[in-house]
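Colleague: Sharing a structure, written as structure tokens. Questions coming.
The values are calculated or read from the model by the stated rules, or taken from the named source; none is laboratory data. Note that the structure is predicted; figures quoted are calculated from it, not measured. Here Cβ is always computed from backbone atoms with ideal geometry, including for glycine, and neighbour counts include all displayed protein chains.
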């Protein structure tokens with residue numbers, strides 16, 4: 001199957017997926033908070049909590065080991081991509097019971113929606129005084145880590161490095177750009193929403209990107225992998241996966257053509273929150289474990305582990321990972337505004353990804 005046909009098929013799937021997602025969230029929003037938060041049972045085991053989360057497997061393994069070294073074997077991790085995490089939380093909420101005690105990953109949009117439906121425990125972790133001021137929130141969720149949406153390119157195949165998102169609209173990138181599918185990745189949807197906000201909610205950039213032969217990958221991590229392999233020249237994705245691939249290449253002693261452009265329009269800042277689900281039937285011991293785990297996630301030890309995997313710490317006493325410039329332009333999305341605009345963004349996508 002040729003590349004152009006693949007793009008058309010995937011874009012068709014995107015339209016249906018985004019429309020269905022929008023309809024699903026609209027349907028749920030019509031329920032009252034009391035209906036969806038009437039949790040009457042606990043599906044877990046006493047003395048162990050269930051955690052839904054997304055992120056690099058090795059990082060999650062280290063975090064689990066570090067927490068359980070002090071607290072015993074008390075965590076059941078259910079790892080999934082950010083898109084499936086978002087979908088699972090929403091489906092379980094609609095069914096009247098979020099089965100995870102704690103969930104961490106995806107983007108602020110789903111947490112805003114869940115908080116509006118009254119299904120988040122209002123818990124403030126110990127140690128929030130150490131968070132960077134701009135990352136403190138009065139919400140029931142807590143920001144745990146941060147990543148930046150950037151332009152990634154293959155420096156061995158690109159004659160002139162792109163310096164802006166709009167450089168990807170040049171003829172030399174025709175049919176050679178990629179981006180994760182927002183129907184499968186909530187982080188990709190957040191990236192698109194951030195650029196949508198930058199463009200005045202007109203979607204003109206992504207309309208032009210589609211016309212220039214945008215290819216949609218399943219996951220954000222596929223973007224740097226495909227660029228490194230030479231399958232595509234450039235793309236848009238979070239920075240952290242590139243740092244991990246560069247680190248691995250250096251450790252294993254081979255060169256990598258991967259490079260990051262910190263776009264002049266600004267790198268898109270995406271925070272990864274965590275929260276405790278509201279459940280009156282949760283055993284007291286499990287409530288304590290859940291709160292301790294939230295405390296742990298913003299601890300210096302946990303933040304240092306995340307830092308080693310390329311994520312930006314939310315703490316003011318943990319420096320940025322190697323590879324992050326000292327000064328960069330950033331786009332800080334208005335997540336509340338974007339949450340209210342998701343349906344209109346989905347509708348616009350439906351029009352030009354038809």
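Colleague: Could you tell me how many of the residues in the stretch 61-90 are closer than 26 Å to residue 190 by Cβ and part of a loop (DSSP other than H, G, I, E, B)?
Modeller: 2
Colleague: Please enumerate the residues belonging to the stretch 243-298 that are assigned to a loop (DSSP other than H, G, I, E, B) and farther than 29 Å from residue 333 by Cα.
Modeller: Passing the criteria: 253, 254, 255, 256, 257, 279, 280, 281, 282, 283.
Colleague: Restricting attention to the stretch 174-185, and to residues there that are within 28 Å of residue 81 (Cα to Cα) and at pLDDT 95 or above, which single residue is surrounded by the most Cβ atoms within 10 Å (Cβ to Cβ)?
Modeller: Step by step, filter the stretch 174-185, then rank; the result is 178.
Colleague: I would also like to ask the following. How many of the residues in the stretch 152-163 are closer than 19 Å to residue 265 by Cβ and in contact (Cβ under 8 Å) with a residue 24 or more places away in the chain?
Modeller: 6
Colleague: Considering only the stretch 91-102, I want to know if a residue exists there that is outside any helix (DSSP H, G or I), on the phi < 0 side of the Ramachandran plot, without any contact (Cβ under 8 Å) to a residue 12 or more places away in the chain and not assigned by TED's automatic domain parsing to the domain that holds residue 217.
Modeller: yes
Colleague: Tell me, yes or no, whether the stretch 164-172 has at least one residue that is outside the structural domain of residue 116 (by TED's automatic domain parsing), touching a residue at least 40 places away in the same chain (Cβ under 8 Å), touching a strand residue (DSSP E or B) at 6+ places or on another chain (Cβ under 6 Å) and surrounded by fewer than 22 Cβ atoms within 10 Å (Cβ to Cβ).
Modeller: Looking through the stretch 164-172, none of the residues is outside the structural domain of residue 116 (by TED's automatic domain parsing), touching a residue at least 40 places away in the same chain (Cβ under 8 Å), touching a strand residue (DSSP E or B) at 6+ places or on another chain (Cβ under 6 Å) and surrounded by fewer than 22 Cβ atoms within 10 Å (Cβ to Cβ).
Colleague: Okay, moving on. For the stretch 287-308: of the residues being in contact with a strand residue (DSSP E or B) (Cβ under 9 Å, 6 or more places away or on another chain) and under 16 Å from residue 323 (Cα atoms), which is surrounded by the fewest Cβ atoms within 10 Å (Cβ to Cβ)?
Modeller: Among residues in the stretch 287-308 that are in contact with a strand residue (DSSP E or B) (Cβ under 9 Å, 6 or more places away or on another chain) and under 16 Å from residue 323 (Cα atoms), the one surrounded by the fewest Cβ atoms within 10 Å (Cβ to Cβ) is 304.
Colleague: If only one of 241, 275 is touching a residue at least 40 places away in the same chain (Cβ under 8 Å) and assigned by TED's automatic domain parsing to the domain that holds residue 117, which one is it?
Modeller: Of the residues listed, the single one that is touching a residue at least 40 places away in the same chain (Cβ under 8 Å) and assigned by TED's automatic domain parsing to the domain that holds residue 117 is 275.
Colleague: Continuing with this model, one more query. Every residue in the stretch 192-210 that is at positive phi and surrounded by 15 or more Cβ atoms within 10 Å (Cβ to Cβ), please.
Modeller: 201, 203
Colleague: OK, next. Within the group 280, 288, which residue is over 22 Å from the mean Cα position of the chain (by Cα) and either at pLDDT 95 or above or at positive phi (or both)?
Modeller: Of 280, 288, the one residue that is over 22 Å from the mean Cα position of the chain (by Cα) and either at pLDDT 95 or above or at positive phi (or both) is 288.
Colleague: Any residue that is within 17 Å of residue 121 (Cβ to Cβ), in contact with a strand residue (DSSP E or B) (Cβ under 8 Å, 6 or more places away or on another chain) and at pLDDT 95 or above - is there at least one of those in the stretch 86-96?
Modeller: Yes: the stretch 86-96 contains one or more residues that are within 17 Å of residue 121 (Cβ to Cβ), in contact with a strand residue (DSSP E or B) (Cβ under 8 Å, 6 or more places away or on another chain) and at pLDDT 95 or above.
Colleague: Take the stretch 189-219 and flag every residue that is within 18 Å of residue 234 (Cα to Cα) and free of Cβ contacts under 8 Å to residues at least 24 places away in the same chain.
Modeller: Once the filter is applied, which keeps residues that are within 18 Å of residue 234 (Cα to Cα) and free of Cβ contacts under 8 Å to residues at least 24 places away in the same chain, the stretch 189-219 yields only 211.
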